[in-house]
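The values are calculated or read from the model by the stated rules, or taken from the named source; none is laboratory data. Because the structure is predicted, anything quoted here is derived from the model rather than measured. As a convention, Cβ positions derive from the backbone with ideal geometry for all residues, glycine included, and neighbour counts pool all protein chains shown. These area figures cover heavy atoms from the full protein model, side chains too; ligands, DNA and RNA do not enter into them. Shrake-Rupley method; radii C 1.70, N 1.55, O 1.52, S 1.80 Å.
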Amino acid sequence: MAAISVEPCTFALFGALGDLALRKLFPALYQLDRAGLLHAQTRLLALAREAGSAQDHLNSIEAHLRKHVPEADIEAPALERFLARLDYQHLDFLQPEGYQALAAQVPDGHPLIAYFATAAVVYGAISENLDKAGLSERTRVVLEKPIGHDLESSRRVNDAVARFFPESRVYRIDHYLGKETVQNLIALRFANSLFETQWNQNSISHVEITVAEKVGIEGRWGYFDKAGQLRDMIQNHLLQLLCLIAMDPPSELSADAIRDEKVKVLKALAPITGDGLSTRVVRGQYIAGYSDGKPVPGYLEEDNANSQSDTETFVALRADIRNWRWSGVPFYLRTGKRMPQKLSQIVIHFKETPHYIFAPEQRLQVGNKLIIRLQPDEGISLRVMTKEQGLDKGMQLRSGPLQLNFSDAWRSARIPDAYERLLLEVMRGNQNLFVRKDEIEYAWKWCDQLIAGWRNTGDAPKPYAAGSWGPMSSIALITRDGRAWYGDI
């Protein structure tokens, strides 16, 4: 069991009976407890608007815990200890009266961690009521995405929270930043001169970032149709990955030093306007097709769908960064639902050698690629050119991987879920893995100009069959530059 590495705290989960809490947050907290990473005096408060028996709600949380935690990880002593920490409180988030009861459950000297697993429109009200209960001075607040639906609404939400909490106690979660491989990007780039000396326009041809989902809407029509894939995925997840790939070395490994460099990247993103909306951006919407050999409905045929919706379920685009390091290096971003496979990966394409001495017919396969996989199997692979083995092969080349697969390399070690890492860092008071307000705003500013462009031009999403890699125009987007998406089948 790991040594205790965090101070005692009271962890209050607002929206404790929602899908995120039951599917991700409680399992993550259990795994932290199981690993010995919660202080013996740490308490967990489940806060929700549902009335009724507290014990019934606690029983429901336990049932979901058993459902979402692997059976092999359910250990009776750990589960008993975890449930003993947990209490349920019925709370109307908008009414200040119940917050006094919450305050009474926070021991003197303990920080309160308030996790807002609720709609962003109530973040301000919760913050104000925590302040009225005398809790704001010792509270760290954790904000779930989406924070607004554009720059203006994002500012309203952030400003409402900022009335009561300084930026140093606000933790905006993007769960991608808690993934093991994403964390390894910092080490890979800045601890290895092999890569950092080559990490610029002199050596890199282009970069791909793909986040593909096999699933469709899964009952989230009401939320998703108001958001769309650009707001839901690119504004946060993909732009955060782009920033980590493209940022300059921070002066130190402090939260603000890292985030300062990420903001510089967002500020340097070239806007996409005019003709660029048709040549550098593709939006799509899936129609009926097949997934795993089974027929699946189109987006407009999903349950509770609006058959007139023009919300995009797919976006591919070319982003350009206007600075010295990345001058002339395109970043191709692609994300969609109902793709052939669940896949999140970053591919760094290195330039070819300036003078080619091997057989001309082999030249097409030349090119080093660094492949960083976030899911389904986290790992890093560097594709290099080597000679084929055999007396009859001459100087025939082959492309092969030098790879690090985390699950294979550390077979005895369990790879923690992203939320486990992020929750632990909140308890430690470390903001390195969280998003600062100005990052959110610059990301929204860049995405808002795309949304405005679509609206002004009347651009409708292009259809693509479920189970495919998106509209054909997304292939043209990259082939127009003489390139192809890596690994499409």
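Values for this structure:
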read-out: Residue, modelled with the highest pLDDT, within the stretch 326-364, restricted to residues that are hydroxyl-bearing (Ser, Thr, Tyr) and out of contact with any strand residue (DSSP E or B) (no Cβ under 6 Å at 6 or more places or on another chain); value: Ser327
read-out: Single unsatisfied condition, Ala460 versus (1) under 18 Å from the mean Cα position of the chain (by Cα); (2) at pLDDT below 95; value: (1)
read-out: Residue within the stretch 3-15 that is out of contact with any helix residue (DSSP H, G or I) (no Cβ under 8 Å at 6 or more places or on another chain), surrounded by 13 or more Cβ atoms within 10 Å (Cβ to Cβ) and β-branched (Val, Ile, Thr) present; value: yes
read-out: Index of the failed condition, Gly36 passing every other in (1) modelled with pLDDT under 95; (2) in contact with a Pro (Cβ under 9 Å, 6 or more places away or on another chain); (3) open to solvent by less than 10 Å² (accessible area, probe 1.4 Å); value: (2)
read-out: Residues being touching a residue at least 24 places away in the same chain (Cβ under 8 Å), of a type outside the set (Asp, Glu), surrounded by fewer than 20 Cβ atoms within 10 Å (Cβ to Cβ) and outside any loop (DSSP other than H, G, I, E, B) - total across the stretch 448-475; value: 9
read-out: Residue count for the stretch 201-252, restricted to those that are closer than 23 Å to Lys342 by Cβ, out of contact with any Ser or Thr (no Cβ under 6 Å at 6 or more places or on another chain) and in a strand (DSSP E or B); value: 5
read-out: Lone qualifier among Leu238, Leu269 - being modelled with pLDDT of 95 or more, under 22 Å from the mean Cα position of the chain (by Cα) and within 20 Å of Trp485 (Cβ to Cβ); value: Leu238
read-out: Test: residue in the stretch 164-185 that is in contact (Cβ under 8 Å) with a residue 60 or more places away in the chain, in a helix (DSSP H, G or I), over 27 Å from Leu253 (Cβ atoms) and in the same structural domain as Gly15 (by the TED database); value: no
read-out: Matching option when the condition is under 30 Å from Tyr464 (Cα atoms) and at pLDDT below 85, among Glu180, Glu218, Glu208; value: Glu218
read-out: Residue in the stretch 382-389 that is at pLDDT below 90, part of a loop (DSSP other than H, G, I, E, B) and surrounded by 13 or more Cβ atoms within 10 Å (Cβ to Cβ) present; value: no
read-out: Test: Glu71 is in the same structural domain as Pro111 (by the TED database), open to solvent by 10 Å² or more (accessible area, probe 1.4 Å), modelled with pLDDT under 95 and over 29 Å from the mean Cα position of the chain (by Cα); value: no
read-out: Residues that are open to solvent by 20 Å² or more (accessible area, probe 1.4 Å), of a type in the set (A, V, I, L, M) and in contact (Cβ under 8 Å) with a residue 24 or more places away in the chain, drawn from the stretch 104-119; value: Ala117
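Here's the yes/no breakdown for (1) of a type in the set (A, V, I, L, M); (2) open to solvent by 40 Å² or more (accessible area, probe 1.4 Å); (3) under 25 Å from Tyr299 (Cβ atoms):
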residue: Ser153; (1), (2), (3): no, no, yes
residue: Val157; (1), (2), (3): yes, no, no
residue: Ser168; (1), (2), (3): no, yes, no
residue: Thr197; (1), (2), (3): no, yes, no
residue: Ser205; (1), (2), (3): no, no, no
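Residue-wise test of (1) surrounded by 19 or more Cβ atoms within 10 Å (Cβ to Cβ); (2) touching a Leu at 6+ places or on another chain (Cβ under 8 Å); (3) under 21 Å from Ile440 (Cα atoms).
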site	(1), (2), (3)
Val265	yes, yes, yes
Ala270	no, no, yes
Ser291	no, no, no
Lys294	no, no, no
Leu300	no, no, no
